[in-house]
Amino acid sequence: MDTINWSGLPFGYMRTDYNIRCYYRDGKWGELEVSSSEILNIHMAATCLHYGQEAFEGLKAFKGKDGKVRVFRMEENAKRMISSSQGIKMAEFPVERFEEAVRKVVKLNERFVPPYGSGASLYIRPLLIGLGAQVGVKPADEYLFLVFVTPVGPYFKSGFKPVPVCIMRGYDRAAPEGTGTIKVGGNYAASLVAGNKAQEKGYAAVLYLDPKEKMYLDECGPANFFAIRGNSYLTPASTSILPSITNKSLIRLAEDMGMKVERRPIQLDELNSFDEAAECGTAAVITPISRIDDLDEDRSYIYSKDGKPGVVCEKLYNRLLAIQTGDEPDPYGWVKIID
Ligand code: PLP
Ligand code: COI
C-alpha cells in the first residue's frame, strides 16, 4: 500500500479492499452486501453474457486539502443509470440506493483515495447486469447491481496536454436512434475496432460523425466534444451521443463565466472556425485537442501548435477541478462529502 506511486498511476484497474453488491430477485432489490471478492459466479445463460443486458457508470472521488473526500454529482450518474436500464429493459436501481452504495464503497476503501495534489482520483464504477438465465431474446428476471472503485491517473497519458484525434468515416459507435444516449457495454464493444485503428495511427481517439448523414460532429471516443469560438462554448446536440455530466457542468461554468453556450448540431465544416477544441468526460476530464485529422478527406484542423492547452480550456479545467477537490466553494451543490 505504501508503495503506490500516486502521481504515476495509469487509468487502469487496481485491486481495492471491498465492493458493494445488491441483487434483484422476485421483483425486488435486496440489501446492500459488502464483498471482498473480485469474482462473480454467474449463470452461463445470464442475459448480460448473451444479449448485452449491461450498463455501467463512471464517477470520481477526490481528496481535498482539508483531508475530506468529495464525490462529484453522483445523483446525475444514478439517474443516467436508470435511463440506461429503461433503454435495455433492466430493473431500475433507485437513486437513493445508488448514493448509499457509492458512499459505502468509498468509505470502505478510503485508504485508496489518492492524496490531494497527486493528480490522481478514486474512480467509481457502478455496474448493472442481467443475471437471470434466458435463451430467447428476453429481459432477465434477476439483476445484479455492483460498484467497485480503483485509484486512477489521467485517462490520456499526457494528462492536461493537447492530443491529436482523427475522423474515420467507416465506423459508428451507435445507430442514429439506437443506444448512443445510454451507457451500455455494446456501444463500447462497437467502438473498439475504430479506437484501436486510431491508436495504431498515433491518435488518442476517434471523433465520430453523426451515424445518419456523416455531416455533423458527434462525440470523441469515450468523451463528449466541445469547442470554443470567440466567447462561445459549442457542443453537439445529437440523438447518438451520451449526455455527459462533465459537459453539463462545463456548460454551467461557461455560462457563469459570461460565455454564450450553443448546444446544437455542429456541421463538420465548422471545424475550421474554432479557436479551441477539446473532449470532456469523467475519465478524460478536459483533454484539449491539438489537431483533428480527417483521414478520408486528407484535411487537418489545428488547434494547438505549441503543445499547450487553450486559455479557455485551461480556465474551465481549473474551475472544475477546484470545485471537485474543494479548493473553491461549490455554489451548485455538485459535491457530496463522504463521512
Ligand atoms: N461519452 C461517452 C461515450 C462516455 O463513455 C463518457 C464517459 O462517461 C462521456 C461521454 C462523458 O460522460 P461523463 O462526463 O458523464 O463522464
Ligand atoms: C468515464 O469517463 O467515466 C467513462 O466511462 C469512460 C470510460 C469508458 C473509460
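Data table
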| read-out | value |
| --- | --- |
| Condition broken by residue 227, with the remaining ones in (1) without any contact (Cβ under 8 Å) to a residue 12 or more places away in the chain; (2) away from ligand 1 (no atom under 14 Å from the Cβ) satisfied | (1) |
| Of all residues making up the range 146-157, the number that are open to solvent by 10 Å² or more (accessible area, probe 1.4 Å) and either out of contact with any strand residue (DSSP E or B) (no Cβ under 8 Å at 6 or more places or on another chain) or of a type outside the set (Ser, Thr, Tyr) (or both) | 5 |
| Residue identified as open to solvent by less than 70 Å² (accessible area, probe 1.4 Å) and closer than 18 Å to residue 73 by Cβ among 234, 253 | 253 |
| Those residues of the range 243-297 which are within 16 Å of ligand 2 (Cβ to nearest atom) and among the small types (Gly, Ala, Ser), in sequence order | 244, 249, 278, 281, 283, 284 |
| Qualifying residues in the range 37-85 (those that are under 14 Å from residue 146 (Cα atoms) and charged (D, E, K, R)) - the one nearest to the chain's Cα centre (by Cα) | 57 |
| Residues of the range 207-216 satisfying the condition of being more than 15 Å from ligand 2 (Cβ to nearest atom) and part of a strand (DSSP E or B) | 207, 209, 216 |
| Failed item, numbered, when residue 219 is tested on (1) touching a strand residue (DSSP E or B) at 6+ places or on another chain (Cβ under 7 Å); (2) away from ligand 2 (no atom under 16 Å from the Cβ) | (2) |
| Residue in the range 171-189 that is more than 11 Å from ligand 1 (Cβ to nearest atom) and surrounded by 24 or more Cβ atoms within 10 Å (Cβ to Cβ) present | no |
| Selection within the range 222-231 - open to solvent by less than 20 Å² (accessible area, probe 1.4 Å) and either under 17 Å from the mean Cα position of the chain (by Cα) or not hydrophobic (A, V, I, L, M, F, W, C) (or both) | 223, 224, 225, 226 |
| Residues within the range 286-298 that are under 17 Å from residue 153 (Cβ atoms) and open to solvent by 30 Å² or more (accessible area, probe 1.4 Å), tallied | 0 |
| Every residue from the range 39-67 that is away from ligand 2 (no atom under 16 Å from the Cβ) and basic (Lys, Arg) | 63, 65 |
| Criterion (touching a helix residue (DSSP H, G or I) at 6+ places or on another chain (Cβ under 7 Å), of a type in the set (D, E, K, R) and on the phi < 0 side of the Ramachandran plot) met by exactly one of 201, 197, 183, 212 | 183 |
| Odd one out for residue 309, checked against (1) open to solvent by 60 Å² or more (accessible area, probe 1.4 Å); (2) closer than 27 Å to residue 153 by Cα | (1) |
| Residue 106 being within 17 Å of the chain's Cα centre (by Cα) and within 16 Å of ligand 2 (Cβ to nearest atom) | no |
| Test: residue in the range 21-38 that is surrounded by 17 or more Cβ atoms within 10 Å (Cβ to Cβ) and within 16 Å of ligand 2 (Cβ to nearest atom) | no |
| Count of the range 261-284 residues which are closer than 27 Å to residue 123 by Cα, in contact with a Ser or Thr (Cβ under 7 Å, 6 or more places away or on another chain) and either open to solvent by 20 Å² or more (accessible area, probe 1.4 Å) or among the small types (Gly, Ala, Ser) (or both) | 3 |
| Strands (runs of 3 or more DSSP E) enclosed by the range 233-306 - at least 3 residues per element that are in contact (Cβ under 8 Å) with a residue 40 or more places away in the chain | 276-281, 285-294 |
| Some residue of the range 294-317 being among the hydroxyl-bearing types (Ser, Thr, Tyr), away from ligand 1 (no atom under 11 Å from the Cβ), at pLDDT 95 or above and within 17 Å of the chain's Cα centre (by Cα) | yes |
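The values are calculated or read from the model by the stated rules, or taken from the named source; none is laboratory data. Here the structure is a predicted model, which means the values were calculated and not measured. Here the Cβ is made from the backbone with ideal geometry for all residues, glycine too, and neighbour counts use every protein chain on show. Ligands, DNA and RNA are excluded from the accessible area calculation, which covers all protein heavy atoms including side chains. Shrake-Rupley method; radii C 1.70, N 1.55, O 1.52, S 1.80 Å.
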